[in-house]
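A.B. asks: The following block contains the structure, expressed as structure tokens.
The values are calculated or read from the model by the stated rules, or taken from the named source; none is laboratory data. Note that the structure is predicted; figures quoted are calculated from it, not measured. Here the Cβ is made from the backbone with ideal geometry for all residues, glycine too, and neighbour counts use every protein chain on show. Ligands, DNA and RNA are excluded from the accessible area calculation, which covers all protein heavy atoms including side chains. Shrake-Rupley method; radii C 1.70, N 1.55, O 1.52, S 1.80 Å.
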Amino acid sequence: MTELLKVRASGPLASHVEGFCAALIRMGYTPRTARDHGYVLVHLSRWLAAERLQPAELTSPVVERFREARRRAGYRRWRTVRSLRPLLAYLREVAGVPAWRPLAVEGPVDRLLHSYGRYLRVERRLAPSTVRSHEDVARRFLSRNAEGDRLDLDGLTAAEVMAFVLAQTRLRSVGSMKALLSPLRSLLRFLFVAGMTPRNLAAAVPGIANPRLGALPKALDAATVAALLGSCDRATAVGRRDFAILTMLVRLGLRASEVAALRLDDIDWRAGELTVRGKGNRVDRLPLPADVGAAVVDYLRHGRPPSTCRAVFLRAVGPDAAMTAHSVVMVPRSASRRAGLPVIVGAHRLRHTAASDMLRHGGSLAEIAQVLRHHSESTTAIYAKLDRAALGLLVRPWPGAGQAVTVR
């Protein structure tokens, strides 16, 4: 296996490089990816030798030092703990490396973010990805008020909140600002409830002048949908998987996270129903259309690799695991490039397409809201602008219509 590497391993971990590469290939990684991970282990082994350290001394602070050394050396990959997890997990089993643990929180901002993150996870029950995005916004805002070991929030004013928002408007688009302001309001409410600020400043965060119903839904026409589906090579396992995912997105309007969360037990083949786990831990049952079921069956029988994982859609390469929401998002984007479309289609646009298609076939807004699982009917109201027959009943004739006009 070491013939994959073009460098000679040295240092206290050199004897584990071959076994590490072989283990990755058994897990489903390609030889090229296994080779790249092997180079990182070679770098770590040499770095330990230069630092005169043994594998048993590879504690969390030492791992942080190694990451920093890679940054200083100009490496752009494998610089995060997440990317190093396969390597550290393997070394923990075969070389007695201590388990990696995050370093203790340091500084007032880190301590506050630790409490805020727990509040979001436990009290608000937000998804891990949402918690991370909220914490990123909170860190950006709180860092302006931190001075050394002090975090002065008692004197926080609405003017400071507004100044932060105005500074961000110069760096962000309208859509990006909307994604920032909601977490900022959440943070300010938390600070007030936790007694860290004397008043609730959430109301000081302005709204965005971007009317919710100001634009038409960005649905795709039938030709574009056909091009996306036709770009999938259904003679391959990945093509069957992507075709099933695209069919599910465009016919049922599922979110990418909902597709990634599907389990084999969620499909009731006898009843022809699908259990969907959506936002806010909401669980719904939807009818399973025949074409969606046929696409999923084709993937399960001829494309899905043997696995103990109960997820419906699995990764094509790498460890035996379910696809993530981000991986599902990339399916229509990759299909757009294969089909040579002028625009890159996202998963949410296929959701709009599903809703618009239901409306064209006579579905009511109430029915669309039920299928899309909207919490508020106002969210579905955007599709009313596409129902021209219903809107025509609301149009009043122009005063004086049909009368001759005299031009002098």
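A.B. asks: If you place +1 on the Cβ of every Lys and Arg and -1 on the Cβ of every Asp and Glu, how big does the dipole about the Cα centre of the chain come out, in debye to the nearest 20?
C.D. replies: That gives a dipole near 700 debye.
A.B. asks: Rounded if a/c is under 1.5, else prolate if a/b is larger than b/c, else oblate: which is the chain, with a ≥ b ≥ c the root eigenvalues of its Cα gyration tensor?
C.D. replies: The shape class here is oblate.
A.B. asks: Find how much the distance from residue 194 to residue 80 grows on full extension, using 0.36 nm per residue of separation minus their present alpha carbon separation; answer in nm with one decimal.
C.D. replies: Numbers: separation 114, 0.36 × 114 = 41.04 nm, distance 3.22 nm.
Stretched out fully, the residue 194 to residue 80 stretch lengthens by 37.8 nm.
A.B. asks: Can you give the accessible area of residue 245 in Å² (nearest 10), computed on protein heavy atoms with a 1.4 Å probe?
C.D. replies: Surface accessible to solvent at residue 245 totals approximately 0 Å².
A.B. asks: Once amide H atoms are built 1.01 Å from N in the peptide plane, which residues 5 or more positions from residue 58, or in another chain, come under 5 Å H to H?
C.D. replies: Result for residue 58 returns nothing.
A.B. asks: Hey, what do the phi angles of the range 11-17 turn into as Karplus ³J(HN,Hα) couplings, whole Hz, using 6.51/-1.76/1.60 and θ = phi - 60°, x for Gly and Pro?
C.D. replies: x, x, 10, 4, 6, 9, 5
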